[in-house]
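Before any comments, here is the structure.
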């Protein structure tokens, strides 16, 4: 496995995390408290934005590590 493959895997995990927070947003479970931490709508919105930016950044980094010069949407 190359460094690029590992980064793409992490980007996929981060994308799944982003989708989980989006699903939590529409599930109407917020706010709730777990282990003494209050998870609010604002905190969840921050998590969606932060995770989406992280996913895009990881995909951009993986594209820069690519040996071939091709657009990131043509990885397959």
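Where a number appears in this text, it was derived from the coordinates with a stated rule and is not lab data. Because the structure is predicted, anything quoted here is derived from the model rather than measured. With ideal geometry, Cβ positions are generated from the backbone for all residues, glycine too; neighbour counts draw on all protein chains shown.
Here segment 1-19 is the region considered, the condition is being within 15 Å of the chain's Cα centre (by Cα) and under 12 Å from residue 61 (Cβ atoms), and the residue that is surrounded by the fewest Cβ atoms within 10 Å (Cβ to Cβ) is 6. Looking across segment 20-55 at every residue that is surrounded by 15 or more Cβ atoms within 10 Å (Cβ to Cβ) and touching a strand residue (DSSP E or B) at 6+ places or on another chain (Cβ under 7 Å), the one that is nearest to residue 10 (Cα to Cα) is identified as 39.
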